[in-house]
Amino acid sequence: MLVSFIVGEPALLVKKERIILVSDLHLGIEERLREKNFYFPQASKRMGEKLFDIYKKHKAKEIILLGDIKESIGYPTLSEYRDMEDFFNELGGVRLRVTKGNHDAHIDKIFERLGINVEVSREILLKDIALMHGNSLPSEEAMEKKMLVTGHGHASANINGNYEKVWVVVKKRRGTPELVIMPPFNTLILGSDISENFAKHMPVLRTALFDLEKAEIYNLDGEILRRMGRNSNII
């Protein structure tokens, strides 16, 4: 594989370029949870610390965030701004790039207001890998790569009665790249069950380009759990 699972974490390492990939931060979700009387103080700061530790441990050269940086779809509240500041303050000095997600309206102006130097685009094309959030279809250029990595789906699976975040890998077939769908990096987001209308949330899976029935499901330790299909089982 062109990428490797970072054991125990919802993060990937692009081996050749030494890039850390994570998706679906949803910074500011703490405010929505506080409204429901769930409190997670300094959750964004701790998430930034964890990502920086991963970056240092793997001697990476940069971090690419695959969209849904913030929780609010429009402009964030003051509380969400503080959560974003707490997160990005932990990544000072790290080269950052972002692919915009469906929650990332005005993200360029928000980064500017926060004084954060981040490159923002819809897609990022590496030598062999195309990166995007996953809320839209990939470009023709992206489909010419060997691998397509997205987030957006918040993939999880019921493993022996417990829901766990998982990786969804759809193997390459003629004319398409291999597809890797990332679980959310935010620890406060469990995910969406891959057996319950998961494909409806992913534009690439609503086309004939990729077949979820032929996907492989891995846990965060990189162990294969399930091969999809009509009679899919934990293996």
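The values are calculated or read from the model by the stated rules, or taken from the named source; none is laboratory data. Every value quoted in this text rests on a predicted model; they were computed, and no experiment measured them. Don't worry about glycine lacking a Cβ; one is built from the backbone with ideal geometry, like all the others, and counts go over all protein chains shown.
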- Message: Quick check on the stretch 150-174: of everything there that is in contact with a strand residue (DSSP E or B) (Cβ under 6 Å, 6 or more places away or on another chain) and of a type in the set (S, T, N, Q), which residue is farthest from Asp221 (Cα to Cα)?
- Response: Thr150
- Query: Given the conditions (1) aliphatic (A, V, I, L, M); (2) under 20 Å from Asn186 (Cβ atoms); (3) in contact (Cβ under 8 Å) with a residue 60 or more places away in the chain, and given that Leu126 satisfies all but one, which numbered condition is not satisfied?
  - Reply: (2)
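Do we find a residue being within 19 Å of His152 (Cα to Cα), out of contact with any Phe, Trp or Tyr (no Cβ under 6 Å at 6 or more places or on another chain) and surrounded by 13 or more Cβ atoms within 10 Å (Cβ to Cβ) anywhere in the stretch 48-57? If you could, list the steps in order and put the result at the bottom.
Of the residues in the stretch 48-57, the ones within 19 Å of His152 (Cα to Cα) are 51.
Next, only the ones that are out of contact with any Phe, Trp or Tyr (no Cβ under 6 Å at 6 or more places or on another chain) stay: 51.
When the remaining residues are screened for being surrounded by 13 or more Cβ atoms within 10 Å (Cβ to Cβ), the result is 51.
For the stretch 48-57, residues within 19 Å of His152 (Cα to Cα), out of contact with any Phe, Trp or Tyr (no Cβ under 6 Å at 6 or more places or on another chain) and surrounded by 13 or more Cβ atoms within 10 Å (Cβ to Cβ): present.
Checking the conditions here, which among Gly134, Gly93 is outside any helix (DSSP H, G or I), surrounded by fewer than 16 Cβ atoms within 10 Å (Cβ to Cβ) and at positive phi? Write out each step before concluding.
Numbers: Gly134 fails: surrounded by fewer than 16 Cβ atoms within 10 Å (Cβ to Cβ).
Criteria check complete, one pass: Gly93.
So which of Ile29, Ile64 ends up being touching a Lys or Arg at 6+ places or on another chain (Cβ under 6 Å), closer than 19 Å to Gly153 by Cβ and crowded, with 19+ Cβ neighbours inside 10 Å?
Ile64
Which residue is modelled with the lowest pLDDT, if the candidates are limited to the stretch 104-131 and must be part of a loop (DSSP other than H, G, I, E, B), at negative phi and out of contact with any helix residue (DSSP H, G or I) (no Cβ under 6 Å at 6 or more places or on another chain)? Before the answer, list the steps.
Here is the first cut: in the stretch 104-131, the residues part of a loop (DSSP other than H, G, I, E, B) are 104-106, 115-118, 122, 126-128.
Those left that are additionally at negative phi: 104-105, 116-118, 122, 126-128.
Now narrow it down to the ones that are out of contact with any helix residue (DSSP H, G or I) (no Cβ under 6 Å at 6 or more places or on another chain): 104-105, 117, 122, 126-128.
Values: Asp104: 93, Ala105: 92, Asn117: 88, Arg122: 97, Leu126: 97, Lys127: 96, Asp128: 96.
Applying the filter and picking the extreme gives Asn117.
Filter the stretch 67-77 down to the residues that are buried (at least 22 other Cβ atoms within 10 Å of the Cβ) and more than 21 Å from Ile19 (Cα to Cα), then identify the one that is modelled with the lowest pLDDT. Working first, answer last.
Step one: filter the stretch 67-77 for residues buried (at least 22 other Cβ atoms within 10 Å of the Cβ), giving 67-71, 76.
Cutting the leftovers down to more than 21 Å from Ile19 (Cα to Cα) gives us 70-71, 76.
Working: Lys70: 93, Glu71: 89, Pro76: 84.
Per the criteria, the residue is Pro76.
Just to check your reading of the model, which residue among Glu80, Glu49 is part of a helix (DSSP H, G or I), among the acidic types (Asp, Glu) and modelled with pLDDT under 95? Can you show your working first?
Working: Glu49 fails: modelled with pLDDT under 95.
Only one candidate qualifies: Glu80.
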- Positions within the stretch 92-101 being touching a residue at least 40 places away in the same chain (Cβ under 8 Å) and in contact with a Gly (Cβ under 6 Å, 6 or more places away or on another chain), in sequence order: Gly101
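Only one of Val169, Val149 is assigned to a strand (DSSP E or B), touching a Phe, Trp or Tyr at 6+ places or on another chain (Cβ under 7 Å) and of a type in the set (A, V, I, L, M); which?
Working: Val149 fails: touching a Phe, Trp or Tyr at 6+ places or on another chain (Cβ under 7 Å).
Testing whether each residue is assigned to a strand (DSSP E or B), touching a Phe, Trp or Tyr at 6+ places or on another chain (Cβ under 7 Å) and of a type in the set (A, V, I, L, M) leaves just Val169.
Picking from Phe198, Phe185, Phe210, which residue would you name as being modelled with pLDDT of 95 or more and crowded, with 20+ Cβ neighbours inside 10 Å? Give the steps one after another, and end with the answer.
Working: Phe198 fails: modelled with pLDDT of 95 or more; Phe210 fails: modelled with pLDDT of 95 or more.
Only one candidate passes the filter, namely Phe185.
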